[in-house]
């Protein structure tokens with residue numbers, strides 16, 4: 001009986017300690033990441049987190065690349081598992097994407113041999129497995145094909161995960177035939193369900209090109225691109241994309257979509273133009289916004305002043321509206337500005353950011369993350385800056401991470417958690433092989 005009582009007491013104590021540990025930011029945990037800085041971080045609503053990175057070594061001749069792709073999982077209870085998911089003696093690896101959810105992790109990346117690099121047609125690969133346990137071998141999914149000078153932003157593989165664990169992989173697929181000889185573009189997609197491999201890829205020639213993928217809380221998938229107002233959506237579990245209502249027409253720059261709820265979100269873009277001439281650069285313009293409600297976009301409204309010359313912006317949706325931020329360059333220098341957009345789509349007053357942090361993300365529960373977006377304000381890379389701040393939904397006080405600025409991930413589309421990973425080197429220009437990881441939970 002005493003043994004049983006002691007066991008129950010120990011269990012309760014462990015549960016209490018675990019619950020307390022998840023109230024706010026967890027104590028930073030040191031992880032060894034040899035060779036390269038972390039490429040991606042992901043977190044789910046339980047507080048399980050994953051890091052992904054690659055090690056790259058050129059041979060003495062420079063003709064062969066030795067590459068490995070690695071994943072470290074840190075469970076919500078502190079267990080750490082690191083594995084190498086793929087290695088090659090003759091390929092370069094880049095552009096890693098990572099998602100975590102329903103007890104598993106999926107990672108995708110591009111790899112290219114010297115011949116594939118010269119042809120501009122790297123291979124898209126993926127691997128997946130449980131938090132702890134045996135993973136399936138990495139395998140090739142398809143090829144990514146984009147001319148070297150097209151487009152003005154990098155088109156890389158993107159992963160997204162639905163509330164039920166469905167995973168969507170999207171990557172660029174260029175083919176001159178789409179535009180009858182003109183340089184037109186599309187995207188390729190591949191799906192997988194929990195416990196199953198990726199299915200055969202499908203090309204979407206009417207996709208926006210260089211698409212990002214997002215799921216909403218109802219499981220609907222959305223595809224959108226940086227230089228296009230075209231948005232495609234696939235209802236939950238159908239894996240079939242159709243064109244959603246296009247929020248605007250004409251040339252645009254920096255289109256972005258943030259989701260908050262089933263069929264709800266906020267889109268923003270700039271009434272400028274993407275340039276495919278690196279010397280000319282993009283054309284700036286005014287910032288516009290559109291509310292997504294019941295899967296349809298509202299009439300666009302301008303959120304920056306007339307005559308604005310904005311190059312990039314950040315949009316973050318939360319239940320009931322969202323925040324749009326941008327950098328305003330004037331005689332006094334660069335300033336960060338933000339606007340609150342209500343559920344009806346109408347913007348509030350323009351707010352000048354004085355603490356140098358803006359809302360950069362939100363998890364599935366509406367907890368906002370404040371950080372340093374878009375590379376501004378400009379700072380020396382050798383000077384570490386404070387880490388992210390979580391502004392919990394419901395009006396609780398802001399909670400600052402104890403570390404430095406680094407990689408940040410949020411649980412989406414339904415979970416409430418934030419992960420922050422940063423390098424421990426006192427000189428950020430020379431990263432060390434030790435990464436600190438901290439997870440926030442309400």
What number of residues in region 388-419 are part of a loop (DSSP other than H, G, I, E, B), more than 17 Å from the chain's Cα centre (by Cα) and either crowded, with 19+ Cβ neighbours inside 10 Å or at negative phi (or both)?
8
Could you tell me whether any residue of region 192-211 is touching a strand residue (DSSP E or B) at 6+ places or on another chain (Cβ under 7 Å), buried (at least 21 other Cβ atoms within 10 Å of the Cβ), modelled with pLDDT of 90 or more and not in a loop (DSSP other than H, G, I, E, B)?
no
May I ask you to verify whether residue 262 is over 23 Å from the mean Cα position of the chain (by Cα) and surrounded by fewer than 21 Cβ atoms within 10 Å (Cβ to Cβ)?
no
Single match in 302, 245 (criterion: surrounded by fewer than 24 Cβ atoms within 10 Å (Cβ to Cβ), at pLDDT below 90, closer than 24 Å to residue 340 by Cα and in contact with a strand residue (DSSP E or B) (Cβ under 6 Å, 6 or more places away or on another chain))
245
Looking only at region 214-231, and only at residues there that are surrounded by fewer than 23 Cβ atoms within 10 Å (Cβ to Cβ) and free of Cβ contacts under 8 Å to residues at least 60 places away in the same chain, the one that is farthest from residue 173 (Cα to Cα):
218
Please indicate, with yes or no, whether at least one residue in region 109-122 is in a loop (DSSP other than H, G, I, E, B), out of contact with any strand residue (DSSP E or B) (no Cβ under 7 Å at 6 or more places or on another chain) and at pLDDT 90 or above.
no
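The values are calculated or read from the model by the stated rules, or taken from the named source; none is laboratory data. Computed from a predicted structure; not experimentally measured. No Cβ is skipped: glycine too gets one built from the backbone with ideal geometry, and neighbour counts run over all protein chains shown.
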